[in-house]
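Chemist: Sending over a structure as structure tokens; questions will come in a sec.
The values are calculated or read from the model by the stated rules, or taken from the named source; none is laboratory data. Just so it is clear, the model here is predicted, and its values are computed rather than measured. Counting neighbours? That spans all protein chains shown, and the Cβs are built from the backbone with ideal geometry, glycine included. Ligands, DNA and RNA are excluded from the accessible area calculation, which covers all protein heavy atoms including side chains. Shrake-Rupley method; radii C 1.70, N 1.55, O 1.52, S 1.80 Å.
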Amino acid sequence: MIISKTPFRLSLFGGGTDFPSYYLKNGGCVIGGTIDKYCYVTARYLPNVFDFKHRIVWSRNETVNNYKEIYHPTVRSIFKFMNIKKGLEVHYQGDLQKNSGLGTSSSFCVGLFNTLYNLQNKKISPKKLSLNAIHVEQKMLNENCGSQDQIWASYGGFNMIKFNKNGTFEVNRIRKSKKSLNNLDQNMFLVYTGLNRFSNNIEEDKIKNLDKNIKNFDKIKEITNSFIKQINSNITIEHCGVLMNDYWEIKKRLSKKVTNPYINELYKEGLNNGAIGGKVIGSGGGGFLLFCCNKNKHKKFLNGFKKLPIIRFNFTNTGSEIIFRNS
């Protein structure tokens, strides 16, 4: 039995420039990091005493005799990709809701790959994990998704990821002081909207309007580069909040599906409760809102959102890892 632990990610700036349809022509970059919220994937070989070959346990409990019968699209695709022959049992558990903007589906994809390769006693590098997950999601599942989530889940850490026009990527760890890092995550809050959404539908709309949105994506890249230049000089939470507001205004122009009256009202409420700035995490349309808030406003902010779940977090340095092995 093998158990993997794979972090979820928090994308701060640059989302959208990691679409292949954008960065293959213009180059892209994103900045953000993995957080201390995880998904866990357990896998073991099944003896041939059952009346089924594979058991997949997630929000459903699937028992099938052929991988083609598996309902979960990621599991089915990875079984096909790895040419799984022996009977397997796979379990999924997550710290936070799926379809919430924190890259949960890509973390699961990376975690499942990591678990199954280790079950076969094969080594796999973070780069290979990333490329495998990107291939499954973009080519096999034909999802309208970017390439950042899979990389963060594989590598971990607070990084700037650069996407080159030739299709390659570079992961650059942000070397900054602990004080600077704490200044960010200790003054940020994730507020759960209660809305689950399918990012594929929203991203499809953004990609469909890519030609019209080129200038907006270029502005997003400018904001990202501005943040990168200042992060090593102990950027203040105030400046981070201002950049997030600018980013949020541009992000809303990418698709009408990014926001709605309910999200707009929550955003306004967050600012009224003392936040400096914020944005929707991920593609938009629901999931989590991220707010920047100075320490002296924390109590007011928390009191203002008593009816909604608020998640505190810390940035982490580790990508997908194996935490249990019983051969």
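Chemist: So how many residues does the range 109-121 have that are crowded, with 17+ Cβ neighbours inside 10 Å and farther than 20 Å from N144 by Cα?
Modeler: Of the residues in the range 109-121, 9 are crowded, with 17+ Cβ neighbours inside 10 Å and farther than 20 Å from N144 by Cα.
Chemist: Would it be correct to say that K215 is out of contact with any strand residue (DSSP E or B) (no Cβ under 7 Å at 6 or more places or on another chain), open to solvent by 70 Å² or more (accessible area, probe 1.4 Å), assigned to a loop (DSSP other than H, G, I, E, B) and not aromatic (F, W, Y)?
Modeler: No; evaluated as a whole, the condition is false for this residue.
Chemist: Still on this structure, I have one more. Which condition from (1) open to solvent by 40 Å² or more (accessible area, probe 1.4 Å); (2) under 15 Å from the mean Cα position of the chain (by Cα); (3) of a type outside the set (A, V, I, L, M) is the one that Y92 breaks?
Modeler: Every listed condition holds for Y92 apart from (2).
Chemist: Now, a different point. Just one of (1) hydrophobic (A, V, I, L, M, F, W, C); (2) surrounded by 23 or more Cβ atoms within 10 Å (Cβ to Cβ); (3) in contact (Cβ under 8 Å) with a residue 24 or more places away in the chain trips up I174, so point out which.
Modeler: Of the numbered conditions (1) hydrophobic (A, V, I, L, M, F, W, C); (2) surrounded by 23 or more Cβ atoms within 10 Å (Cβ to Cβ); (3) in contact (Cβ under 8 Å) with a residue 24 or more places away in the chain, the odd one out for I174 is (2).
Chemist: Please determine, by comparing only the residues of the range 270-327 that are of a type in the set (S, T, Y) and touching a residue at least 60 places away in the same chain (Cβ under 8 Å), which one is nearest to M1 (Cα to Cα).
Modeler: Selected residue: S320.
Chemist: For the range 70-94, which positions are of a type outside the set (A, V, I, L, M) and more than 17 Å from I2 (Cα to Cα)?
Modeler: Scanning the range 70-94 gives Y71, H72, P73, T74, R76, S77, K80, F81, N83, K85.
Chemist: Quick check, is L10 touching a residue at least 24 places away in the same chain (Cβ under 8 Å), of a type in the set (A, V, I, L, M) and not in a strand (DSSP E or B)?
Modeler: Answer is no for this residue.
Chemist: Within the range 161-169, is even one residue at pLDDT below 85, more than 18 Å from the chain's Cα centre (by Cα) and either surrounded by 15 or more Cβ atoms within 10 Å (Cβ to Cβ) or not in a helix (DSSP H, G or I) (or both)?
Modeler: So far as the range 161-169 goes, no, none of its residues is at pLDDT below 85, more than 18 Å from the chain's Cα centre (by Cα) and either surrounded by 15 or more Cβ atoms within 10 Å (Cβ to Cβ) or not in a helix (DSSP H, G or I) (or both).
Chemist: For residues that are under 21 Å from R9 (Cβ atoms) and among the acidic types (D, E), tally how many sit in the range 71-101.
Modeler: Result for the range 71-101: 1.
Chemist: I've got another one for you. Which numbered condition in (1) acidic (D, E); (2) under 23 Å from F19 (Cβ atoms); (3) open to solvent by 40 Å² or more (accessible area, probe 1.4 Å) is the only one that D149 fails?
Modeler: (3)
Chemist: Check S106, S59 and return the single one that is among the polar types (S, T, N, Q) and open to solvent by 60 Å² or more (accessible area, probe 1.4 Å).
Modeler: Answer to the selection: S59.
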